[in-house]
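Each value in this text was obtained by applying a stated rule to the coordinates, not by laboratory testing. Predicted model, so just to flag it, every value in this text is computed and none were measured. Glycine also receives a Cβ, built like all others from the backbone with ideal geometry; neighbour counts cover every protein chain displayed.
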Amino acid sequence: MPASLPDNPDWWRSAVLYQVYVRSFADSDGDGIGDLRGLLGRLDHLAWLGVDALWLSPVMPSPNADWGYDVADYFAVLDEYGTLDDLDEVIASAGRVGIRVLLDLVPNHTSDRHAWFVEARSSVEADRRHWYVWADPGSDGSAPNNWVGSFGGPAWTLDPASGQYFLHNFLPEQPDLNWWHDGVRGAFDDILRFWWDRGVAGFRIDVCNMMIKDAELRDNPPATEDDPFIMQMFGQRPVYNGNRPEAHDILRRWRTIADGYTPPRVLLGETNVDTLENLATYYGSGADELHMGFNFPFIEAPFDAAALSEIVARTEALLPPGAWPVWTGSNHDVSRLATRWCEGDPRKVRLALLMLLTLRGTPVLYQGDEIGLTDRAFDKDELLDPVGVRFWPHYPGRDPERTPMPWDDGPNAGFTAAGVTPWLPMADAPMNVADQRADPDSVLHLVRDAIALRRRSPDLLGGEYTPDPVDDGLWVWRRGGTLVALNLSAQPREIGVGGTPPKTVALSSHRVSEGPVVEGTVDLDAWEGVVVTSRA
Ligand code: NOJ
């Protein structure tokens, strides 16, 4: 870990995390693809914004069948992004401005071009054959069981040479590893240590709930009418192709390795599970599995005070003692919060960001959230995400939220050089970082001010979350002596905040009502939120 960063083992609890989708962040060499030197050139933006840590989407070599989530070598950097030296420089330079770097670890599957799979496929006798999940066909030659892949179609592909099927919970180019095999476990111990020894602060762990499958490969049960839409669409409940109790053994093993470092390395899981009860289990005892797990029920909820507050309250109640929530509204797999929650309405965007930055827990912003970036509408022939290609027109896939970062109003919005075609079209949204930096009333300044307020407020960093009952779109909670009030409605509202001790609106999402509170009440505009503190 760079010497400039303190060893506080709990740094991640008070942190604001920021997801960098490297391919779309900043291009330094004019090939239309974001890269590590591009990121280096934009660290000043991240330091100015005040974020504490970055999660970089996969940077390892990959044929990009699934844009980096098909890893061909776990010990190197994709040429298009730069070199290991560049990554070391990112870690050191970020450290100098107080920012830590987490990488993305993809342990559920590799690329089919990974040397392990090439070897496994070469012969049923190969040493690493059973590092992957192979099974004989059914008596009629069909797939070994009924599992469907998360990207559609059967989760099995026949390998004609051996007559066996291999498992892939995602694309056929992403064969699933067999986590029952000690060789796989040992190999990943080495991968963790390789990166953590280089000063990587932790990992975001891809689909960590799927890693291990039912040892008997039993059929999944059919979905019922009570199951979430996505399960009904796939026609089955994913009981046996993932979500097995033994996944927790792997996380405990990794936590032991992580805890051996100073400061301990952090495990942030992609816990895309159906219920909050299930999410809570990935925290283990509260101190022996994940440090943090993404809350998908929250991400997928509508932008509605009753729905969101219920998820927050239940999350708070269900997490084991000492466990720490994570709040996020966008990532590279879901429509951006500015579009999905807020329909591009800047008032709602400001409110959503204030919510993320004032709940108890660690917020994770996705690049572009800080300027309220919206999704781009794609035509079919522009799509690069295999999931969009497959499901068009019912679902456009994930390209809409992966468009390059708009830095300024120059050619290609400053993402890449003039005259270059970016790997994905620019968002064409009427916002960029430079314009907003010049405007103190912008979304960008609001986010920066909210991060700064959080950092100097022991209440916002560590205070308990104590909500009032939601009242017709008005969601109010206390964090110690600090009050947060969000008006998720189109009606103006008045709230009483008390007069003793005297109060001040420390931050307003609309920036209009900041300052001393008069007569113990605060007027909230439609879709306005405020943070109210005691006047010193
Ligand atoms: C989750 C990742 O976030 C997503 O982008 C990817 O396609 C799947 N896991 C498979 O690795």
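Some values worked out for this structure:
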| read-out | value |
| --- | --- |
| Mean-position separation - Cα centroids, the stretch 307-341 and the stretch 424-449, in angstrom | 24 |
| Long-range HN-HN contacts of residue 529 with modeled amide H, under 5 Å | 487, 509, 510 |
| J(HN,Hα) series, the stretch 322-328, from Karplus relation 6.51 cos²θ - 1.76 cosθ + 1.60, nearest Hz, glycine and proline x | x, 6, 10, x, 10, 10, 8 |
| Likely footprinting exposure, 114, 181, 510, 109, fewest C-beta neighbours within 10 Å first | 181, 510, 114, 109 |
| Residue-wise HN-Hα coupling along the stretch 39-46, computed from phi with Karplus coefficients 6.51, -1.76, 1.60 (Hz; x: Gly, Pro) | 4, 3, x, 10, 4, 4, 4, 5 |
| Distant-in-sequence amide H partners of residue 101 (H built 1.01 Å from N, under 5 Å) | 54, 201 |
| For residue 127, net neighbour charge (Lys/Arg +1, Asp/Glu -1) across residues whose Cβ lies under 15 Å away | 0 |
| In order through the stretch 307-319: 3J(HN,Hα) via Karplus (6.51 cos²θ - 1.76 cosθ + 1.60), integer Hz, x for Gly, Pro | 5, 5, 5, 5, 5, 4, 4, 5, 4, 4, 6, 8, 5 |
| Residue 170 long-range amide H proximity, modeled H, under 5 Å | 150 |
| Environment charge of residue 223, counting only residues whose C-beta is closer than 12 Å and scoring Lys/Arg +1, Asp/Glu -1 | -3 |
| Which of 348, 213 has the fewest Cβ neighbours within 10 Å, and the rest in rising order | 348, 213 |
| Order of 513, 123 - criterion: other Cβ atoms within 10 Å of each residue's Cβ, fewest first | 123, 513 |
| Inter-part distance where the stretch 32-63 and the stretch 212-229 are each reduced to a Cα centre, Å | 38 |
| Cα gyration tensor shape of the chain, rounded if a/c is under 1.5, else prolate or oblate by comparing a/b with b/c | prolate |
| Options 331, 281, 388, ranked by Cα towards positive dipole end of the stretch 264-399, top entry (Cβ charges) | 331 |
| Sum of -39500 (n - 2.57) over DSSP H runs of 4+, divided by residues of the chain (222 nm, nearest 500) | -7500 deg cm²/dmol |
